[in-house]
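Reviewing the structure listed below.
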Amino acid sequence: MGIKNTKNLLTSSSNSISKEKPLHLYCMPGMAASPKIFEYISLPSPIELHYLSWIQPHESESIEHYALRMCMRVKHKKPFLLGVSFGGIIVQEMAKQIEVEKVIIVSSIKNNNELPLSMKMAKKTNAHKLLPTQWINSLDALTLFTFGKGIQKRLELYQKYLSERNPFYLSWAIDALVNWNQEYSLDKIIHIHGERDTVFPVKNLKGPLHKINAGHAAIITHAKWFNERVPKLLLDQV
């Protein structure tokens, strides 16, 4: 399966989907996190949840090729994709390579113009390459980067969601994030974002946005909101 250079393969057939047929929603966690972050997400039939986990990157692997390998774990045609934070970037790259119904990104960005200034500067100075060393030496530092400063008083509680501390993976992931070259926003992206997000501040975001009163860990702290709204968003009922 080769990488396609098309801008977007999102389909527009959502309205014609029979509500009796299963809707397959593949969920991608944030950087270094495990699918446990979705433990409070419970969606009604006909939605069926499938969880994707991080795989080890290859040496000098592009984010496009990494996403292609992740696509091979998708077992249903024209699925729905949901990605959190850096996982939101991965599912957008996946949507360029396979046909999907819709993409939902949570606590993420739609293009590299929405990166915070600190990450844009890191791209020029390579300062981000120091972060993995800090994360390996300090689980607290990795937890704060993954879930945002809003969970500072509950660090130990959130550390159970971290599954990836491999130095090579962490170096690859932060470099892929800082150097993401997508300059446009894909069509039909549903963007859900916390107004108190400290990793990707809402002030940098453009375009349609479903704002919630939450921080970067919204998928965990505001699971009730997602359980109520995501089915409607998938079925165009909002």
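Coordinate-derived values only; no laboratory data. For clarity, every value in this text was computed on a predicted model and none was experimentally measured. Cβ sites come from the backbone with ideal geometry, for glycine too, and all protein chains shown count toward neighbours.
Each of L82, L43, L157, L170 has some number of other Cβ atoms within 10 Å of its Cβ, and from fewest to most they run L157, L43, L170, L82. The simple spin-label model puts a point 7 Å past each Cα toward its Cβ; for R69 and E48 those points are separated by 2.7 nm. Checking every one of the chymotrypsin sites (Phe, Trp or Tyr not before Pro) in the range 164-238 against DSSP loop status and a limit of 12 other Cβ atoms within 10 Å picks out Y184. By the count of other C-beta atoms within 10 Å, a proxy for reagent exposure, M72, M31 are ordered fewest to most as M72, M31.
Around the Cα centre of the range 61-104, unit charges on the Cβ atoms of Lys, Arg, Asp and Glu (plus for the first two, minus for the last two) sum to a dipole of about 240 debye.
Determine the shape class of the range 23-234: with a ≥ b ≥ c the square roots of the Cα gyration tensor eigenvalues, call it rounded for a/c under 1.5, and otherwise prolate if a/b is greater than b/c, oblate otherwise. It is rounded, given that a/c, with a ≥ b ≥ c, falls under 1.5. Exposure proxy shown here: for H128, H65, the number of other Cβ atoms within 10 Å sets the order, fewest to most, as H65, H128.
Here the range 49-67 is scanned for amide nitrogen atoms under 19 Å from the site 7 Å beyond the Cα of N166 along Cα-to-Cβ, giving 51-67.
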